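Structure record follows, encoded as structure tokens.
The values are calculated or read from the model by the stated rules, or taken from the named source; none is laboratory data. Remember, it's a predicted structure, so these values are computed and weren't measured experimentally. In this analysis, Cβ positions are derived from the backbone assuming ideal geometry, glycine residues included, and neighbour counts consider all displayed protein chains. Surface areas here come from the heavy atoms of the whole protein model, side chains and all, with no ligands, DNA or RNA. Shrake-Rupley method; radii C 1.70, N 1.55, O 1.52, S 1.80 Å.
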Amino acid sequence: MTHSWWILAGVLAVTGCGTASEGTGDEALVAVAEQEVGTAAAVCAPRPYGPEVATTGATTEPTLYGTQGPLAVRVQSDVPNALWPEMPITVYRPDDRNTYPVLFYSHAYGGSDHTHVGPLLRRLASNGYNVVFVPYMNTGPRRTQYDTLWEGFVAAARQYGTRFDVTRVGFIGHSFGGGATPELARRAFVDPTHNGLTAAWGTAGRFMFIMAPWFSYPNLENPTATNDHYRDLPVDVKTVLQVYADDDTNDPLIAVNDIWNKLPANLQEKSWQLVKSDGCDGQWLNAGHSLPAGYSGAPPGSWDNGHDLWAVARRIQALAGYSLKSGGAVARALAFPTTQDALGLGNWKGCGGRAVVPLEASATTPLLSACGGGGDAPAQDYVFTYSAQEHCNWSDTGAPACR
């Protein structure tokens with residue numbers, strides 16, 4: 001596939017197959033290769049690796065961040081969803097009357113059932129956060145879907161009042177919801193009065209955690225030819241963009257061009273993170289597109305495998321702790337990892353207790369997988385379901401072309 005105007009200028013970091021680098025700096029983590037116009041990013045598919053690990057039993061579990069918290073959790077689907085009345089908004093929150101920071105979760109396309117990510121949302125809430133899940137319809141224009149998410153977040157904040165500390169907020173999103181996340185954050189942080197708020201959210205702490213994003217359309221109410229509105233985000237918005245080496249749905253160049261390259265040049269803290277597949281004794285941790293939504297098969301509770309806990313829950317909780325609760329150096333090290341320890345994703349209980357293929361991260365350079373296999377996981381070539389070229393095709397009718 002060719003990328004014409006979509007191709008990155010300059011260089012992209014491309015990781016190789018096999019064992020991940022053990023260096024502690026960005027330079028040691030990746031090999032840099034020039035990405036020429038007309039070339040295609042080499043990528044890999046999760047199949048036929050085999051079934052995903054069913055439980056946490058195959059790997060060790062984190063003991064700090066990514067753990068179940070001490071607070072009992074109440075789950076209530078009690079907030080009306082004005083733009084999709086049949087599907088109310090669900091709030092996961094500590095079961096008390098105290099005030100907590102707020103995490104706004106934007107789900108993947110078709111993932112309107114909150115139970116698909118329920119273990120993650122419950123885990124976050126148990127550590128002292130209100131977590132809001134807003135369903136949106138699969139049909140209709142992008143603007144309506146973005147507005148459903150936004151108006152739902154605002155409705156939940158209004159209904160719960162002082163229990164929601166909206167001066168400390170995080171926006172989390174996966175796939176379509178990941179693409180929507182920076183626009184939703186822009187509305188909350190940059191343009192509140194035009195979006196139903198009396199004051200900006202996140203004035204005491206704010207972050208974005210974006211996973212395997214689909215196309216992103218900034219400021220759909222007033223688009224520009226370049227859609228450069230994310231440049232207006234405050235430079236203190238702590239940002240993590242996480243992609244999966246075996247994502248056969250969304251081209252990671254979407255994440256690069258729609259979001260990473262449009263963030264403020266002087267953003268104070270950001271991290272690009274690449275999760276790779278691994279296997280041990282016939283069990284697999286697949287770094288595919290659905291990784292944040294867990295494993296949908298039996299047995300119940302199978303969401304909590306090694307990648308779910310170490311790569312997703314731990315990083316979100318650390319980022320939230322650092323951004324919203326003054327979590328300090330340890331939380332920052334896990335949210336923005338550079339050392340071998342911080343990049344770790346636990347150990348297999350079999351295979352001699354070897355380490356799971358670790359996270360790779362950079363504060364400056366997008367890391368694209370040349371082959372997603374790591375450890376015992378083989379690599380497979382595939383074609384994306386949504387390539388970076390299709391951005392314009394999925395824009396709302398009448399929107400500026402190829403922006």
Worksheet item: Where in segment 159-182 does the amide nitrogen come within less than 19 Å of the point 7 Å from the Cα of residue 137, taken along Cα to Cβ?
Response: 176-177
Worksheet entry | Label-point separation, residue 162 to residue 68 (7 Å along Cα→Cβ), nm | 3.2 nm
Worksheet item: What list of ³J(HN,Hα) couplings, whole Hz, do you get for segment 337-344 from phi and the Karplus terms 6.51, -1.76, 1.60, once you set θ to phi - 60° and write x for glycine and proline?
Response: x, 9, 8, 4, 5, 5, 7, x
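Of the heavy-atom accessible surface of segment 51-123 (probe 1.4 angstrom), what whole percent is carbon and sulfur? Intermediate results must be reported in sequence, preceding the final value.
Values: 1770 of 3310 Å².
Accessible surface attributable to carbon and sulfur in segment 51-123 totals 54 percent.
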Worksheet entry | Computed magnitude of the charge dipole of segment 73-208 (debye, nearest 20; Cβ of K, R +1, Cβ of D, E -1) | 280 debye
Practice prompt. Could I have the simple spin-label model distance between residue 97 and residue 364, label points 7 Å from Cα toward Cβ, reported in nm to one decimal?
Written response: 5.3 nm
Response to the item:
For segment 130-251, shape from the Cα gyration tensor axes a ≥ b ≥ c, cut at a/c of 1.5 then a/b versus b/c, turns out rounded
Worksheet item: Which ³J(HN,Hα) values in Hz, rounded to whole numbers, follow from the phi angles of segment 158-163 under the Karplus curve 6.51 cos²θ - 1.76 cosθ + 1.60, where θ = phi - 60° and Gly and Pro get x?
Response: 5, 5, 8, x, 6, 5
Discussion item. Once you order the gyration tensor axes a ≥ b ≥ c over the Cα atoms, which shape class does segment 55-114 get: rounded for a/c under 1.5, otherwise prolate or oblate by comparing a/b with b/c?
Written reply: oblate
Worksheet, complete the sentence: When all Cα-Cα pair distances of segment 63-201 are considered, the percent exceeding 21 Å is 36 percent
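Given a Förster distance of 45 angstrom, what is the FRET efficiency for residue 349 paired with residue 199, based on the Cβ-Cβ distance and rounded to 0.05? Mind dumping the intermediate values first?
Numbers: r = 50 Å, r/R0 = 1.10.
Rounded to the nearest 0.05, the efficiency is 0.35.
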Fill in: Solvent exposure, largest accessible area first (probe 1.4 Å, DNA, RNA and ligands not counted), of 194, 114, 391
194, 114, 391
Worksheet entry | Proximal charge balance of residue 91 [Cβ under 11 Å; K/R count +1, D/E count -1] | +2
Practice prompt. Quick one: pull the percent of accessible area on segment 133-288 belonging to carbon and sulfur, 1.4 Å probe, ligands and nucleic acids left out.
Written response: 47 percent
Practice prompt. Kindly report the accessible area of segment 249-298 per residue (heavy atoms of protein chains, probe 1.4 Å, no ligands, DNA or RNA), in Å².
Written response: 28 Å²
Worksheet item: How large is ³J(HN,Hα) for each residue in segment 207-212, as worked out from phi by the Karplus curve 6.51 cos²θ - 1.76 cosθ + 1.60 (θ = phi - 60°), to whole Hz, x for Gly and Pro?
Response: 8, 10, 10, 10, 10, 6
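When the accessible area of segment 323-364 is split by element with a 1.4 Å probe, what percent falls to carbon and sulfur? Mind dumping the intermediate values first?
Values: 960 of 1730 Å².
Percent of accessible area from carbon and sulfur atoms in segment 323-364: 55.
Given R₀ = 41 Å, what would the calculated FRET efficiency be for residue 390 paired with residue 77, taking r from the Cβ atoms and rounding to 0.05?
Working: r = 34 Å, r/R0 = 0.83.
The formula returns an efficiency of 0.75 here.
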Discussion item. If packing is taken as the average number of other Cβ atoms within 10 Å across a peptide's residues, how do 121-131, 160-170 rank, most packed first?
Written reply: 121-131, 160-170
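Using a 1.4 angstrom probe with every protein chain in place, what is the largest-first accessible-area order of 280, 392?
Numbers: 280 5, 392 35 Å².
Per-residue accessible area, sorted high to low, gives 392, 280.
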Item to complete: Classify segment 176-334 as rounded, prolate or oblate, taking a ≥ b ≥ c as the square roots of the eigenvalues of its Cα gyration tensor: rounded when a/c is under 1.5, otherwise prolate if a/b is larger than b/c and oblate if not.
Response: prolate
